[in-house]
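Report on the following structure.
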Amino acid sequence: MTLHATEPNAASSGATAAHATDAVLDPEETMSRDEIEALQLSRLQHTLAYAYERVPLYKRKFDDAGIHPADLRELSDLGNFPFTTKDDLRREYPFGMFAVPQSEVARVHASSGTTGRPTVVGYTKQDLADWAKLVARCLRASGVRPGMKVHNAYGYGLFTGGLGAHAGAEALGCTVIPMSGGQTERQIQLIQDFEPDAILATPTYLLTIADAMAHMGIDPTSTSLKYAVLGAEPWTQEMRHELEVTMNIKACDIYGLSEVMGPGVAGECVETQDGSHIWEDHFRPEIIDPFNPAPGKENVLADGEHGELVFTSLTKEALPIIRYRTKDLTRLLPGTARPAHRRMGRITGRSDDMIILRGVNLFPSQIEEIALRIPELSPHFQLVLTRPEAQRMDQLTVKIERRESVPAEATTTAARTLREQIKIHVGSSCTVDVVEPGSLERSSGKLRRIYDMRPKG
Ligand code: DLL
């Protein structure tokens, strides 16, 4: 499932490999692993003490666990400290976890919070500067250069995507077009008129844009766009290929989450396209077993092993975050284009997005990966879970649009292939319903793939 090695896409003629190497990097990007780890150790010691002194929740948690910031003598000792979860942030709503007086908080953001209270995060002026620097680093890694025009289609507002990406593009020295999400026809009009070099969006929203272009009679390969920096939701190597070919661009990943900073925690290099490098001068990642996350450094998983990603911030002032459980499932891999910064594998999914179907674990990205290898099928699909009364067994229906170029009569084999491939690779039986092009809801940001219609409780 984890997809890193990619050949350069021959179709993406707009972006050249030479372009990737002409940038001036931040000094931290070229440090040795030893230098990064020395920096991490001193920053971690500072952050733990800072959080303990200033945030009552951390003092309580550390005291309850019988551990003190001074107990961190080497990096692996971090594994002995307690975790922080989204529930902690919710309980301390809105500002209980801030480590600075409100007058020093320059900005707040909040998660949309589909259930319960949203989580609120804050930034000092210095935090905002660090954030912009890291997003700029990601954009540069992905091929964007000072002076380029950048169309930003991440949503503006409390969501960290829009303003986070905006500040990063500005810090890099780009001309930013602050579009936000939605109003797809207008986005397309401005892409044609303003001729941006790069677009920042969720992968599924870029797909919506490409689709709408085709409907408007515009060839999506003919625009000025050369680079896309895509994130905020899981996407597969197959989706990358789809977008690169459809739009004649180079598409790279950007990862992040509000609680840890926002976009820019990790970013992918265009010359290797092999997964996002975590910026380890600002964050210390760990991988733990998501289902048995006992504290203790012996329970931290080794690099290469799959599990839940956990982050500790190393420089944040307003909201230092210690061992935050992201629920994102992935693994740590050695650095490549930035050797001292480890990469994360593609995110398979979130532990709370995992469908358990008659005992088999399933993620939407697995379906995406399989479906996009079947030429008759489009990337537009939904997973519908039901429990028909007569059966008392959970049922999965994959609703997927056929490609417009394929007549409806020609999709029977494709539907069967998808069903069989899901059975072979995922282990679940399902029903496949090939539907008309344009009939499923389109993304305007983070796309909802799962429709769980099973009776609650
Ligand atoms: O989505 C921040 C962001 C904005 C990242 C724009 C990249 C681009 P949240 O709304 O807090 O923040 O959601 C964070 O989104 O825990 C992952 O589950 C998922 N996610 C973010 N980036 C990626 C990615 C923003 N590149 C949650 N691949 C995270 C897969 C991602 N999932």
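Only one of these conditions is not met by K316: (1) surrounded by 21 or more Cβ atoms within 10 Å (Cβ to Cβ); (2) not in a loop (DSSP other than H, G, I, E, B). Which number is it?
So the condition that K316 fails would be (2).
Condition (residue is within 10 Å of the ligand (Cβ to nearest atom), in a strand (DSSP E or B) and buried (at least 24 other Cβ atoms within 10 Å of the Cβ)) applied to region 268-287: is it met by at least one residue?
Checked against the condition, which is being within 10 Å of the ligand (Cβ to nearest atom), in a strand (DSSP E or B) and buried (at least 24 other Cβ atoms within 10 Å of the Cβ), region 268-287 yields at least one hit.
Identify, please: which residue in region 100-156 is among the polar types (S, T, N, Q) and within 30 Å of F194 (Cβ to Cβ) and is, among those, surrounded by the fewest Cβ atoms within 10 Å (Cβ to Cβ)? Talk me through it step by step, then tell me what you get.
The initial filter retains those residues of region 100-156 that are among the polar types (S, T, N, Q), namely 102-103, 111-112, 114-115, 119, 124, 126, 142, 152.
After this cut, where a residue has to be within 30 Å of F194 (Cβ to Cβ) as well, the list is 112, 142, 152.
Values: S112: 13, S142: 27, N152: 28.
Once the filter is applied, the top-ranked residue is S112.
Take the residues in region 19-33 that are of a type in the set (A, V, I, L, M, F, W, C) and modelled with pLDDT under 95; name whichever of them is surrounded by the fewest Cβ atoms within 10 Å (Cβ to Cβ).
Going through region 19-33, the residues of a type in the set (A, V, I, L, M, F, W, C) turn out to be 20, 23-25, 31.
Next, from what is left, pick out any that are modelled with pLDDT under 95: 20, 23-24.
Details: A20: 20, A23: 16, V24: 7.
Filtering first and then ranking leaves V24.
I'd like the full set of residues that are of a type in the set (S, T, N, Q) and modelled with pLDDT of 95 or more, limited to region 316-363.
Step one: filter region 316-363 for residues of a type in the set (S, T, N, Q), giving 326, 330, 336, 348, 351, 361.
Once the filter is applied, which keeps residues that are of a type in the set (S, T, N, Q) and modelled with pLDDT of 95 or more, region 316-363 yields T326, T330, T336.
Quick test for you: out of T175, T160, pick the one residue that is touching a residue at least 12 places away in the same chain (Cβ under 8 Å), among the polar types (S, T, N, Q) and under 16 Å from G445 (Cβ atoms).
Details: T175 fails: under 16 Å from G445 (Cβ atoms).
Sole residue among the options that is touching a residue at least 12 places away in the same chain (Cβ under 8 Å), among the polar types (S, T, N, Q) and under 16 Å from G445 (Cβ atoms): T160.
Which count do you get for residues in region 66-118 that are more than 26 Å from the chain's Cα centre (by Cα), small (G, A, S) and under 23 Å from S42 (Cβ atoms)?
Narrowing region 66-118 to residues more than 26 Å from the chain's Cα centre (by Cα): 66-74, 77, 80, 96, 99-104.
If we keep only those that are small (G, A, S) as well, we get 66, 70, 96, 99, 103.
Add one more test, that the residue is under 23 Å from S42 (Cβ atoms), and what stays is 70, 99.
Qualifying residue count for the region: 2.
Of the residues in region 221-246, how many are more than 12 Å from the ligand (Cβ to nearest atom) and over 19 Å from L377 (Cβ atoms)?
Residues that pass the stated criteria total 7.
Out of the residues in region 364-403 that are modelled with pLDDT of 95 or more and assigned to a loop (DSSP other than H, G, I, E, B), which is nearest to the chain's Cα centre (by Cα)?
Filtering first and then ranking leaves L372.
The values are calculated or read from the model by the stated rules, or taken from the named source; none is laboratory data. Please read these numbers as outputs of a predicted model, since none were measured by experiment. With ideal geometry, Cβ positions are generated from the backbone for all residues, glycine too; neighbour counts draw on all protein chains shown.
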